[in-house]
Structure formats: structure tokens, C-alpha cells
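Heads up: the structure comes next, in C-alpha cells.
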Amino acid sequence: MIRVLEAVPNFSEGRDLEKVRALVGAISAADVEVLDWSADPDHNRCVITYIGDPSTVEEASVVAAAFALEHIDLTSHRGVHPRVGALDVLPFVPLRGVSMAQAVASARRVGARLADMGIPVYFYAQASDPQGRGLAELRRGGFEVLREGFPEDRRPDLPPGAVAPHPSAGVTCVGAREVLLAWNVFVSGIDVGEARRIAARIRERDGGFAGVRALGLRLPQQDLVQVSMNIEDVAATSPLEVYAAIEGDVTRAGGRISGTQVVGMMPDALVLPAAAGRLLVPDLGPARVLSRRVAEHVSRRAGDRPGISDRTG
């Protein structure tokens, strides 16, 4: 069987597009398929999605970390999104012929190599021990808090005995998880304080929807207010229901939803006909649909391997 592992690293650079394109090029040159990348100047963050055989994805991720270490300096970084590292977050996602345990093993191997490069590593989600550690607790206070030395309750997993982050690259959170929806809803007619209250009402931590992580943010360069979300299981928590809750709160506060944005690839639940128009999601073409791109990737790799049967049993 052709195996497919996905990586979706988040980097603390979203303003220098020449640098972002160079990073995308370095990852592409590592023999993985880059499915998507995006950069945001207010978040000052870029997200790159790539897939391939697990060993190839691991190597590409080390290449990406080395690029971030050399070219991204957190001491001069400013943005509205929480961050603790130049390569801030590195999740591995099993897509085809790869178990979650194998994705965890990939995360652990790459984490060890990052630690050898001098970048302290936290494991999160399914890669942490015990499983389920969240990013919010790891990024609390940002890089600036960690620069003073690791808090007693936030020692990195690797390397043993680390007392401070890398001086310019910080730390990296390396995880393994299922496919999620990273989704921003733009609102007008309300201020960022109201957006934060709406985010608190919908996120799981404060009693909202299961698996929803949400922040209310103001984007000064774009003069926008957004509710920025991750929905961790779109099969269990409907994006339509989350959208309806946000829309109701925004309308009651005297505002309206002006648009939405998916960061990275789109899970199938977001491209169903009932969702396509209702959620105001632009660019719903096949190139953005994860399952379709994975199928095309597998087909190409099978074509490169004459005489080898690709069984899906």
C-alpha cells in the first residue's frame, strides 16, 4: 500500500513573501508534494501543507526546521497570533496506510532531530505523554515568557535538562493529530472585544462546542476583526452549527459576517453542497479538497511504480 502522511507546519513569518516562497521551495525540493501554503501579515504567520511517504515527510520537516532556524528571528517578530517558535507548530496527520501510532513515531523522531539542532521541543496532542496536551497551555505568554527560562510546569520534552529556548528560534511544538479545520470568520460592525466574547462562547474550554479552539482577533494591517478557529473533528462538530452560533451572536451584537477563510486544505465536510454557499467560503475548487488531492497523489505514485499493486484493503 502507498502510505501518505501529512505535515502542516506553522511558521512565524507572514510578511516577507520572498522568504515564505523560499521556504516553500526548500520543502518542495525535499521530494514531498506541497498541497497549499498561505501567509497572513497580521498574524505574521504562514502555514504550509505537504504530503508524502512518512520518511520523506520527516526529512522535509527537518529541512523546514533548519530553514526557520536560519531565517526567522523571534526577537524581532510581532503578530496577533500566539507563538513560541520560529517553526511554531509541527503536526503530523496520518492520511492513508499510516496509523496514529506511526504518526506519533514520526513526530517523536523529528522532535529528537530538532532537539539535536538546538531547538527545545514540546510534544502535544497524540504525541504527548500523557496524550492530549493542548497548544494553548504550551503557548501561554508566548516566546517572551519562555525567554526568561522555562516555567517549572512547562519544561520541554527534549532535550533533557534544557533551561531556556533557542535565543532566536524559540521552541517547537511537535504533535500528531487527526485532520482538522482551521477556519477564520471575518465580522464587521462589532469590535474585537465582542469578537473575543463570541470566541469564548463557542470554544470547548469555556463550555462551547466540543473540539473547538477559538480566539477573537483584530487585524490592524487589514482593518478586520475575525474569530479564528480550529475545529478538531468536523465529523463530530458541524461547521454549519458553529457558523450559525457565530452568526447569531454577531447579529445580536449589531454586526454581520463579511466572509470566511480556510487555512490549509478543506476536509470533505466543508465542501458538501449544503455548506458551500452557506459558509461564504471562497475557492472551493478541487485543488483545495484534501481527499481529492490525496487520491491524485496516490495515483501518481502508483503510476511511478510499475508492477506493484496498490491494495487498499
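Scanning for something in contact with a strand residue (DSSP E or B) (Cβ under 7 Å, 6 or more places away or on another chain), crowded, with 23+ Cβ neighbours inside 10 Å, in a loop (DSSP other than H, G, I, E, B) and touching a residue at least 12 places away in the same chain (Cβ under 8 Å), does the range 86-100 turn up at least one residue? The answer is yes; a qualifying residue exists. Tell me, yes or no, whether the range 158-172 has at least one residue that is over 30 Å from S291 (Cβ atoms), modelled with pLDDT of 95 or more and assigned to a helix (DSSP H, G or I). Checked against the condition, which is being over 30 Å from S291 (Cβ atoms), modelled with pLDDT of 95 or more and assigned to a helix (DSSP H, G or I), the range 158-172 yields no hits at all. Can we say V227 is at pLDDT 95 or above, closer than 21 Å to G134 by Cα and not assigned by TED's automatic domain parsing to the domain that holds V34? For V227, the condition - at pLDDT 95 or above, closer than 21 Å to G134 by Cα and not assigned by TED's automatic domain parsing to the domain that holds V34 - is met.
Screening the candidates D53, D73 for the property of being within 25 Å of D304 (Cα to Cα) and acidic (D, E) yields one hit, D53.
Of the residues making up the range 158-185, those that are farther than 18 Å from E70 by Cα and surrounded by fewer than 18 Cβ atoms within 10 Å (Cβ to Cβ) number 5. Number of residues in the range 79-130 that are in contact with a His (Cβ under 6 Å, 6 or more places away or on another chain) and within 19 Å of H166 (Cβ to Cβ) equals 3.
Can you spot a residue in the range 68-81 that is among the acidic types (D, E), crowded, with 19+ Cβ neighbours inside 10 Å and in contact (Cβ under 8 Å) with a residue 12 or more places away in the chain? Even if it seems obvious, please write down each step before you answer.
Going through the range 68-81, the residues among the acidic types (D, E) turn out to be 70, 73.
Retained after the next criterion (residues that are crowded, with 19+ Cβ neighbours inside 10 Å): none.
Within the range 68-81, not a single residue is among the acidic types (D, E), crowded, with 19+ Cβ neighbours inside 10 Å and in contact (Cβ under 8 Å) with a residue 12 or more places away in the chain.
Hey, could you check the range 246-258 for residues that are closer than 13 Å to G189 by Cα and among the small types (G, A, S) and say which is surrounded by the most Cβ atoms within 10 Å (Cβ to Cβ)?
Looking only at the range 246-258, we keep the residues that are closer than 13 Å to G189 by Cα, and these are 247, 249-258.
Next cut, among the small types (G, A, S) only: 253-255, 258.
Values: A253: 16, G254: 9, G255: 19, S258: 15.
So the residue we want is G255.
For L35, indicate whether it is touching a residue at least 60 places away in the same chain (Cβ under 8 Å), over 13 Å from the mean Cα position of the chain (by Cα) and part of a strand (DSSP E or B). For L35, the condition - touching a residue at least 60 places away in the same chain (Cβ under 8 Å), over 13 Å from the mean Cα position of the chain (by Cα) and part of a strand (DSSP E or B) - is met.
Name every residue in the range 105-142 that is assigned to a helix (DSSP H, G or I), among the aliphatic types (A, V, I, L, M) and under 17 Å from N230 (Cα atoms), in order of residue number.
Looking only at the range 105-142, we keep the residues that are assigned to a helix (DSSP H, G or I), and these are 105-116, 135-139, 142.
Next, only the ones that are among the aliphatic types (A, V, I, L, M) stay: 105, 107, 110, 112, 114-115, 135-136, 138.
Within the range 105-142, L135, A136, L138 meet the criteria.
Of all the residues in the range 279-313, those that are of a type in the set (V, I, T), modelled with pLDDT of 65 or more and farther than 27 Å from T260 by Cα number 1. For the range 3-18, the candidate set comprises residues that are touching a strand residue (DSSP E or B) at 6+ places or on another chain (Cβ under 7 Å) and not in a strand (DSSP E or B); within that set, the residue that is nearest to R177 (Cα to Cα) is V8.
When the range 38-56 is filtered for residues that are in a helix (DSSP H, G or I), touching a residue at least 12 places away in the same chain (Cβ under 8 Å) and surrounded by fewer than 19 Cβ atoms within 10 Å (Cβ to Cβ), only T56 remains.
Sub-7 Å Cβ pairs linking a first residue in the range 7-26 that is closer than 25 Å to P54 by Cβ to a second residue that is modelled with pLDDT of 95 or more and among the hydroxyl-bearing types (S, T, Y), at least 6 apart or interchain, are A7/Y50; A7/S61; V8/T49; P9/S61, ordered by first then second residue.
Within this structure, A30 fails the test of being in a strand (DSSP E or B) and either aliphatic (A, V, I, L, M) or not assigned by TED's automatic domain parsing to the domain that holds A105 (or both). Considering the range 225-245 alone, what residues qualify as being touching a residue at least 40 places away in the same chain (Cβ under 8 Å), in a strand (DSSP E or B) and crowded, with 19+ Cβ neighbours inside 10 Å? Those that are touching a residue at least 40 places away in the same chain (Cβ under 8 Å), in a strand (DSSP E or B) and crowded, with 19+ Cβ neighbours inside 10 Å: Q226, V227, S228, M229, I231. F123 meets the stated requirement of being surrounded by fewer than 24 Cβ atoms within 10 Å (Cβ to Cβ), closer than 17 Å to D157 by Cα, at pLDDT 95 or above and not hydroxyl-bearing (S, T, Y). Within the range 143-157, the set of residues being assigned to a helix (DSSP H, G or I) and closer than 17 Å to L74 by Cα comprises F143, E144, V145, L146. Against the list (1) of a type outside the set (D, E); (2) within 24 Å of P286 (Cβ to Cβ); (3) outside any helix (DSSP H, G or I), the condition P82 fails is (2).
The values are calculated or read from the model by the stated rules, or taken from the named source; none is laboratory data. Everything quoted here is computed from the prediction, not taken from an experiment. All Cβ positions, glycine included, derive from the backbone under ideal geometry; neighbour counts span all protein chains shown.
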